1. Restricting to region 67-108, name every residue that is in contact with a Lys or Arg (Cβ under 7 Å, 6 or more places away or on another chain) and assigned to a helix (DSSP H, G or I).
2. Consider Ala213 carefully, then state whether it is among the aliphatic types (A, V, I, L, M) and in contact with a Ser or Thr (Cβ under 7 Å, 6 or more places away or on another chain).
3. Would you tally the residues in region 73-92 being at pLDDT below 95 and not hydroxyl-bearing (Ser, Thr, Tyr)?
4. Based on what the data block shows, is Gly255 crowded, with 17+ Cβ neighbours inside 10 Å, in contact with a strand residue (DSSP E or B) (Cβ under 8 Å, 6 or more places away or on another chain) and under 21 Å from Ala189 (Cβ atoms)?
5. Given the criterion outside any loop (DSSP other than H, G, I, E, B) and surrounded by fewer than 20 Cβ atoms within 10 Å (Cβ to Cβ), identify the matching residue among Glu197, Glu185.
6. State whether one or more residues within region 148-157 are without any contact (Cβ under 8 Å) to a residue 60 or more places away in the chain, surrounded by fewer than 23 Cβ atoms within 10 Å (Cβ to Cβ) and assigned to a helix (DSSP H, G or I).
7. Residue by residue through region 322-346, note down the ones that are out of contact with any His (no Cβ under 8 Å at 6 or more places or on another chain) and in a helix (DSSP H, G or I).
8. Can you pull out every residue in region 116-147 that is in a helix (DSSP H, G or I), under 22 Å from Val105 (Cα atoms) and in contact (Cβ under 8 Å) with a residue 40 or more places away in the chain?
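The values are calculated or read from the model by the stated rules, or taken from the named source; none is laboratory data. All values derive from a computational prediction rather than experimental measurement. Note that we place each Cβ from the backbone using ideal geometry, even for glycine, and neighbour counts take in every protein chain shown.
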Amino acid sequence: MTSRERVLTALAHRPTDRVPRLLYEEAIGYTPPIERMLCEHCAPKSPRDYFGMDITSVTFQPTTAPRARFAEWFGSQAEAALAGGQVDEWGVWWRGGGFYHFAHVESPLRGMQDFGRLKEYPWPDLDQPYRYAGLRECVETLHRQGFAVAAFAGSVFEQSWFIRGLEDLMMDLAAAPEVAHYFFERTAAFQQRAAAEFARAGVDIIITGDDIAGQNGLLMSLETWREFLKPRLAATVQAVKTANPATKVFYHSDGNVEPAVPELIEVGIDILNPVQPECMDPAAIKQRYGDRLSFWGTVSVQRTMPFGTPEEVRAEVRARIRDVGCGGGLILAPAHVLGPETPWENVVAFFEAADSIHP
């Protein structure tokens, strides 16, 4: 099987020669210490090619819109924000946190209460055709090389709070719903456009999602999620399936998202990520929903990958393939980016175990 055949067969809930596997999701990248470690050990190959990962990713073209348009929204901090090159195309300042990969999210609209002024904020140009130039050709090339291809279409809740500020957006949900709806509608429109463009280009898996849960449960009531976020997610799924019915839609949320899982299935989500094992039992989730969902992730990055022995990594991988991968439906991966503490030996053990066991 090629990697793409393996991935598509697994997502069709059929047995494969081995479980498809990779280190989380390539578009997200690695923490700097892990990136350095992988480069050192895998050179001259990329980590993807060294380990023969089954999924690779594409993205849109970089924006040509000037970051200077956000200066007025940072006030007295504008010079510092723009000088460091850490303001993204949404106007969010990812100010270095000084500890590995962590950053302070400086939200340009935090504290602003004037709704009319909020509506004047400049948005990205992800609705412009040039952002998707050459995408189909890139996907076709990767398909010819045997890869399954994924693409991140963006978030809605997370992108909104990055701009608005988490505290302000949560208050909007309760006290100013028209403001929350405004931000969600704008960000969802960009997600839907990107998702449809990726699907038309032949991308196999469209990545969506929002961290709507912590390890103890949802960050908002299920009723609030239904009102504000579920309809927009349904519209994104519909945009994908209209553009290319064969494309699968992936939904990410860290934490215990199980209360929302039946309704994620209802709106048409195909793949749930990451099934965080610290707060969701992957075997139980497979048993309850595995006839309607596939799963991507499941291997602990809080315990096993960074702090377990290589044999403990192999044992967890074997358990996931046995309990979740049986009959297909599993893309095996760490449940998130690997923490800086993760040793090379555990990365090797992850792939060795994945390649030696048939689902």
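1. Leu82, the sole residue that qualifies.
2. So Ala213 fits the description; yes.
3. Residues that pass the stated criteria total 12.
4. no
5. Glu185
6. No, region 148-157 has no match at all.
7. Selection gives Arg322, Asp323, Glu345, Asn346.
8. Leu118
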